[in-house]
Amino acid sequence: MNNDKSGASDAARIPAPTPTPDARLATSRDLACVLKVVPAELQRKAARRAVALNPVNAPLREPVGAGVVVLEPQQIVVLTSRYWGPAERQLTVSFLEATDADLRGRIVSHMNAWSSVAGISFVETGDAGQVRISREPGGYWSYLGTDILQIPEDQQTMNLEAFTMDTPESEYHRVVRHETGHTLGFPHEHMRAELVARIDPDKAYQWFAETQGWSREVVDQQVLTPLDQSSIFGTPPDEDSIMCYQLPGAITTDGQPIRGGTDINQTDYDFAASIYPKVSSLAGVR
Ligand SMILES: [Zn+2]
């Protein structure tokens, strides 16, 4: 949120997940998530579809100062949110590779952690789902919200590289719930302007090149470009959000790490409940 390094904000932290015998393995393959952008030729269509599905997605930015400013198409694409509408809905989920029922069920159950408070839930289908999951190489990633509808049916909308029943439970909390947040339309919390301002670009280029093999362009796109203020509904930046990366003090200007979330926290749940109101009173299990 800011440079405050007192212990005051620690009370809101999620307790660290219980270590498992596989924790070392998880650490050795600590992949940073990439928020996938639809191909350029589909971006305008994706933005139009997002607004058609949910008019609130349209850019809210009013021109500042005198005169009318016409937004360029690319600006409209960037400024258009990808939230699903407020009506309760179920998104179908399928798996690209042959996946045992216990693993399918475990993944979907973590996706539905959001559904304990939000009016969107996930249900498996034997056909091509709206959410399509692959566990092939390529790291952890997802497309954003309604953009998943633009992706050809034979391609995944979410990648959970090498997830198996042996993957630690903590990784299901940290990764599956995070990627599902993207599917719900939530961008990366660390791209809030207040948090981006704490990152030293040169250190970030070097660190992401060394740890993730990312080019400067990818670092710019995934880490250093602040979110448009109109897309974030005025909630305060929250570095404990499930949607926030863990970033080391080595790349921040103040030397303090950005803690990053390891599970959905109360702020995340409150935000999800506010934009996806749940009409039914049936509460799920978190
Ligand atoms: Zn992400």
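The values are calculated or read from the model by the stated rules, or taken from the named source; none is laboratory data. Predicted, not measured: the structure shown is a model, and the values here were computed from it. No Cβ is skipped: glycine too gets one built from the backbone with ideal geometry, and neighbour counts run over all protein chains shown.
In the set ALA66, ALA50, which member is more than 14 Å from ILE275 (Cα to Cα) and at pLDDT 85 or above? It would help to see each step written out before you state the result.
Working: ALA66 fails: at pLDDT 85 or above.
Answer to the selection: ALA50.
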**Request:** Can you confirm whether region 183-190 contains a residue that is in contact (Cβ under 8 Å) with a residue 40 or more places away in the chain, assigned to a loop (DSSP other than H, G, I, E, B) and surrounded by fewer than 16 Cβ atoms within 10 Å (Cβ to Cβ)?
**Result:** no
**Message:** Can you go through GLY284, GLY234 and tell me which one is over 18 Å from the mean Cα position of the chain (by Cα) and modelled with pLDDT under 90?
**Reply:** GLY284
**Item:** Criterion violated by VAL34 - all others in (1) at pLDDT below 70; (2) within 16 Å of the ligand (Cβ to nearest atom) satisfied
**Value:** (1)
**Request:** Hey, could you check region 120-146 for residues that are within 16 Å of the ligand (Cβ to nearest atom) and of a type in the set (A, V, I, L, M) and say which is nearest to GLN222 (Cα to Cα)?
**Result:** LEU144
**Asked** Can you name the residue in region 80-117 that is in contact with a Lys or Arg (Cβ under 6 Å, 6 or more places away or on another chain) and part of a helix (DSSP H, G or I) and, of all such residues, is nearest to ASP147 (Cα to Cα)?
**Response** HIS110
**Message:** When you check ARG259 against the structure, is it among the basic types (Lys, Arg), at pLDDT below 90 and within 17 Å of SER115 (Cα to Cα), yes or no?
**Reply:** no
**Request:** Might you let me know whether region 188-197 holds any residue that is under 24 Å from SER109 (Cβ atoms) and of a type in the set (Gly, Ala, Ser)?
**Result:** no
**Message:** I'd like to know if region 114-134 contains one or more residues that are at pLDDT below 95 and under 15 Å from LEU35 (Cα atoms).
**Reply:** no
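Can you tell me which residue in region 122-145 is surrounded by the most Cβ atoms within 10 Å (Cβ to Cβ), limited to those that are within 13 Å of the chain's Cα centre (by Cα) and not in a loop (DSSP other than H, G, I, E, B)? Don't jump to the end; show me each part of the working.
Keep residues of region 122-145 that are within 13 Å of the chain's Cα centre (by Cα), which gives 140-145.
Still in the running and not in a loop (DSSP other than H, G, I, E, B): 140-143, 145.
Details: TYR140: 21, TRP141: 20, SER142: 26, TYR143: 24, GLY145: 23.
The qualifying residue surrounded by the most Cβ atoms within 10 Å (Cβ to Cβ) is SER142.
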